[in-house]
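Data block below; observations after.
The values are calculated or read from the model by the stated rules, or taken from the named source; none is laboratory data. A quick note: this is a predicted structure, and the numbers were derived from the prediction, not measured. Every residue, glycine among them, receives a Cβ derived from its backbone with ideal geometry; neighbour counts consider all protein chains shown. Accessible surface is based on the protein model in full, side chains and every heavy atom, while ligands, DNA and RNA are left aside. Shrake-Rupley method; radii C 1.70, N 1.55, O 1.52, S 1.80 Å.
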Amino acid sequence: MRFWSFWFNSFVLSSQYNPPRFVELLMLLLAIAMLAIATILPDRPYLILGLSLVVGASISILVREAIAPSPQTRITQLTASLLLLISLYQFGELFYQQ
């Protein structure tokens, strides 16, 4: 029981300390879940939802870093840009196959 209490308290503190980063984390966790489901079940809605969550989180990260830079700005921007490029490429490939 203490294990779940610890994680719940850390999530609450994280959401209160830095809400935009917490929302980005939730979006990326949901994207990972949707893309994992899309690999098991070959349905397009899961893939499209997962990719759109990655695009939204990446753009949010890039905007947040442009407004208020963090100590590791370069690596964060590089990672978000890479995620954005990969997901946009996958969107293009997905719509090209139709």
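Testing the spin-label approximation: label points 7 Å from Cα along Cα→Cβ at Ser52 and Arg2. State their distance in nm.
Between Ser52 and Arg2, the simple spin-label model gives 4.4 nm.
Can you compute the modelled spin-label distance between Gln97 and Ile59, with each label point 7 Å from Cα toward Cβ, in nm?
2.4 nm
Take the Cβ-Cβ distance between Gln72 and Ala33 as r, set R0 to 25 Å, and report the resulting FRET efficiency rounded to the nearest 0.05.
On the way: r = 26 Å, r/R0 = 1.03.
The value I calculate is 0.45.
In nm, to one decimal, how far is the Leu25 label point from the Ser81 one, both placed 7 Å along Cα→Cβ?
Rounded to a tenth, the inter-label distance reads 2.6 nm.
Ignoring ligands, DNA and RNA, what percent of the 1.4 Å accessible area of the chain is carbon and sulfur? Walk me through the numbers on the way to the answer.
Values: 5380 of 7270 Å².
C and S atoms contribute 74 percent here.
Over the chain, give the accessible area per residue in Å² for a 1.4 Å probe, as an integer.
On the way: 7270 Å² over 98 residues.
That works out to 74 Å² per residue.
With an 8 Å cut-off on Cα pairs and a minimum separation of 6 or more residues, tell me the relative contact order of the chain in percent. If you can, show how the numbers build up before the last one.
On the way: 65 pairs, mean separation 22.3, N = 98.
The normalised contact order for the chain reaches 23 percent.
Suppose we keep just the alpha-carbon trace of the chain; what are its Rg and Dmax in angstrom?
Radius of gyration, then largest Cα-Cα span, for the chain: 15.7, 50 Å.
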